[in-house]
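These notes concern the structure reproduced below.
The values are calculated or read from the model by the stated rules, or taken from the named source; none is laboratory data. Since the model is a prediction, treat every value here as computed from it, not as a measurement. Positions of Cβ are generated from backbone atoms using ideal geometry, with glycine treated the same way; all protein chains shown enter the neighbour counts.
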Amino acid sequence: MRGRIKNLFYNKSLREDKIVVFLIALISSVGLILRLYKLGQRSLWFDEADTALESINVTNFLNVMFKLYNPMVFYKIFIFYWRHVSAYINEWLLRLPSVIFAIAAILLMYKLAVLFFNDKRIGLISTFLLSVSPLHIYYSQEVVSYSFLVFIGIATVYCFVRSFNSNNIIYFSFFVALNIIGIYTHPVMWIAFFIENIVAIIKAKKSRPVLKKLILSNVIILLFCIPWLYSVFSGIDLLFKKGNFCFERTLGWRPIPTWKSIFFTVNNFALGYNAPRFLYPVSVALFLILFVRGITRAIKKENGLAILLFAVLPIFTIFTISKLTGYSYYIDRYFLPFFPFFCISVAYGIYSFNKKKTQIMILMIIIIMSAFSLNNYYRDILPCVPETECVGIVPKADIRAAAEYINASLRQEDTIYHTRRNTALPFEYYFDFYFKKLDDVFKDYPERLDNKQNILFYSSSDENTKQFLIREGVDAEGCDNTVKPYKYVSRSKELESEHIELKSDVLNNDRIWLVYSSWNFTGLNEPERYVVEWMDRNYVRESERKFKGLVVYLYRKKA
């Protein structure tokens with residue numbers, strides 16, 4: 001009799017395991033389809049081109065860190081070697097690693113949620129929320145490190161909790177390695193490191209045997225991060241100078257956060273950047289209710305405090321630092337390593353409803369709202385205001401088509417100018433790594449394209465324009481009331497902005513291409529339009545071609 005009962009429970013558990021495996025496979029498959037759909041359709045934008053162009057091999061990473069004071073090198077090392085997977089590396093292949101890391105994060109999400117609560121249903125709901133998340137899908141289709149950071153954030157905490165539970169040296173080793181990799185990928189991972197230690201101190205009374213290993217792990221992490229710390233603090237004086245790396249240049253474009261910023265953070269966590277505006281209050285209300293409901297119940301569990309700290313503390317830490325220092329580091333994408341803990345809290349909030357019909361109804365509402373957002377995303381519709389509601393996000397321009405257009409008619413003696421940096425780096429990528437593989441237009445060029453293209457800025461004595469120029473890396477102290485574009489070398493090796501006052505005889509090329517655009521392109525708006533007007537006065541416009549997000553002009557010298 002006992003054997004029959006035992007076999008009955010065993011068979012039931014086996015069936016449940018098979019159902020769980022099927023559901024995880026189904027959820028992951030849906031996530032994969034959503035992330036592969038239109039993966040290579042969009043042109044690379046500024047941040048993606050910067051990642052591809054600044055990718056470095058492992059032997060040069062110390063040189064980059066110490067000379068450019070940039071310790072965020074790990075993902076760029078990875079992309080350097082990934083670029084050599086194929087001789088024809090297009091946008092689809094460049095973005096594929098982000099998809100792979102996203103699916104790995106979805107699979108590991110289940111393991112983390114079950115580890116926290118020992119409940120497969122919470123694990124499945126958490127995995128589902130991450131799989132259909134418009135925010136996670138957005139960064140799963142970009143050549144940037146944020147999809148990787150989500151995976152690192154989950155993996156680091158998973159190994160941290162497992163090391164405490166098992167006192168296993170293997171998990172401690174992974175914990176050390178993942179922390180080092182995360183810190184060398186993005187400085188926000190220092191916050192994760194500090195939260196881990198806060199949780200360790202709280203749990204130390206119950207887990208004293210693992211405390212020595214944790215201390216040793218911290219020492220190893222800090223030792224390996226000495227080059228990171230040296231890179232930052234040896235260049236700290238440069239941050240206060242008016243060069244490419246001054247605070248005004250690197251942080252000045254980010255607005256100081258207000259309490260409304262947290263509202264938009266919750267909205268972006270819930271539905272990403274492309275949600276219709278009428279859904280904002282609905283999404284924030286629903287997800288906040290679920291989050292609070294979940295976290296208040298989770299806090300009573302063994303790992304509940306850890307979830308609360310990882311979900312909330314990074315946001316309020318960066319919010320407070322930005323308010324106190326006057327330099328904002330508050331951008332929603334920087335919180336992505338902690339985004340999974342928001343999903344777990346919301347999942348617990350859904351799970352806390354006893355009736356399955358209620359749970360299914362809530363999930364259906366989330367699916368419908370996510371569908372609205374994803375529909376806008378795939379159609380390149382951005383309803384949010386980039387300056388306040390989705391800071392750092394810009395409408396995607398068809399830079400690839402513009403580069404193809406210029407490439408078809410480019411001559412040896414031509415030069416290319418841009419009205420903003422947002423098009424300069426993608427152009428460099430397309431000409432250096434893309435079109436060079438398709439034709440021989442650059443076969444006689446002894447130098448890279450970044451020595452052939454520059455940026456034109458309009459300058460005046462207006463204080464707002466001065467601040468804008470400072471943020472773009474141009475010294476604006478000499479501005480007066482005259483309309484004077486400035487020539488700006490976009491990738492100066494001296495880390496200083498090189499600019500000269502332009503006169504009609506300064507640009508000696510017979511033919512000049514002008515790529516007119518802006519970070520949030522709306523047409524002929526200030527100050528970009530003054531560059532076009534200046535060119536029209538001093539040169540003859542031969543042609544004009546409009547593309548999504550930019551306009552390409554071809555000028556020649558007056559006879």
Residue in region 183-204 that is among the small types (Gly, Ala, Ser), surrounded by 20 or more Cβ atoms within 10 Å (Cβ to Cβ) and out of contact with any Leu (no Cβ under 7 Å at 6 or more places or on another chain) present: yes
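Would you call Ile137 within 30 Å of Ser231 (Cα to Cα), modelled with pLDDT of 95 or more, crowded, with 17+ Cβ neighbours inside 10 Å and of a type in the set (Val, Ile, Thr)?
Judged against the criteria, Ile137 is not a match.
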Pair list, Cβ < 7 Å and 6+ apart or interchain, from region 373-387 residues that are of a type in the set (Asp, Glu) to residues that are part of a loop (DSSP other than H, G, I, E, B): Asp380/Lys396; Glu387/Pro255
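Looking at Ile89, Ile103, which one is of a type outside the set (D, E, K, R), more than 30 Å from Glu404 (Cβ to Cβ) and either buried (at least 16 other Cβ atoms within 10 Å of the Cβ) or modelled with pLDDT under 95 (or both)?
Ile103
Considering only region 394-410, I want to know if a residue exists there that is part of a helix (DSSP H, G or I), surrounded by fewer than 23 Cβ atoms within 10 Å (Cβ to Cβ) and polar (S, T, N, Q). Spell out how you get there, then give the answer.
Initially, region 394-410 is screened for residues part of a helix (DSSP H, G or I), giving 399-409.
When the remaining residues are screened for being surrounded by fewer than 23 Cβ atoms within 10 Å (Cβ to Cβ), the result is 400-401, 404-409.
Filter again for polar (S, T, N, Q), leaving 407, 409.
Within region 394-410 (the criterion being part of a helix (DSSP H, G or I), surrounded by fewer than 23 Cβ atoms within 10 Å (Cβ to Cβ) and polar (S, T, N, Q)), the answer is yes, since at least one residue qualifies.
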Inter-residue pairs, beta-carbon under 7 Å, first more than 13 Å from Ile289 (Cα to Cα) and in region 344-362, second assigned to a loop (DSSP other than H, G, I, E, B), 6+ apart: Gln359/Phe353
Odd one out for Tyr378 among (1) modelled with pLDDT under 85; (2) among the aromatic types (Phe, Trp, Tyr); (3) surrounded by fewer than 17 Cβ atoms within 10 Å (Cβ to Cβ): (1)
Filtered residue count, region 275-310, keeping only those that are under 19 Å from Ser261 (Cβ atoms) and part of a loop (DSSP other than H, G, I, E, B): 1
Identity of the residue in region 49-71, under 20 Å from Leu94 (Cβ atoms), of a type in the set (A, V, I, L, M, F, W, C) and buried (at least 20 other Cβ atoms within 10 Å of the Cβ), that ends up modelled with the lowest pLDDT: Ala52
Matching residues in region 181-224 - criterion: being at pLDDT 90 or above and not in a helix (DSSP H, G or I): His186, Pro187, Val188
Counted residues, region 356-383 - those being part of a loop (DSSP other than H, G, I, E, B) and touching a helix residue (DSSP H, G or I) at 6+ places or on another chain (Cβ under 9 Å): 3
Top-ranked residue of region 315-343 - restricted to ones that are in contact (Cβ under 8 Å) with a residue 24 or more places away in the chain, of a type in the set (Ser, Thr, Tyr) and outside any loop (DSSP other than H, G, I, E, B), ranked as farthest from Val150 (Cα to Cα): Ser322
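A quick yes/no check of all residues on (1) closer than 18 Å to Phe128 by Cβ; (2) exposed (fewer than 15 other Cβ atoms within 10 Å of the Cβ); (3) among the acidic types (Asp, Glu):
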| site | (1), (2), (3) |
| --- | --- |
| Tyr327 | no, no, no |
| Ala347 | yes, no, no |
| Leu382 | no, no, no |
| Pro386 | no, no, no |
| Glu389 | no, no, yes |
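Among what's in region 93-145 and is outside any helix (DSSP H, G or I) and polar (S, T, N, Q), pick the residue that is nearest to the chain's Cα centre (by Cα). Don't jump to the end; show me each part of the working.
The first filter runs over region 93-145 and keeps only residues outside any helix (DSSP H, G or I), leaving 118-119, 132-133, 141-145.
Narrowing further to those that are polar (S, T, N, Q): 118, 133, 141, 145.
Values: Asn118: 32, Ser133: 15, Gln141: 10, Ser145: 6 Å.
So, considering only residues that are outside any helix (DSSP H, G or I) and polar (S, T, N, Q), the one nearest to the chain's Cα centre (by Cα) is Ser145.
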Cross-chain or 6+ apart pairs with Cβ under 8 Å, region 113-128 first and at negative phi, then among the basic types (Lys, Arg): Val114/Lys120; Leu115/Arg162; Phe116/Lys301; Phe117/Lys301; Gly123/Lys111
Qualifying residue in region 10-20 (condition: at pLDDT 90 or above and not in a loop (DSSP other than H, G, I, E, B)): yes
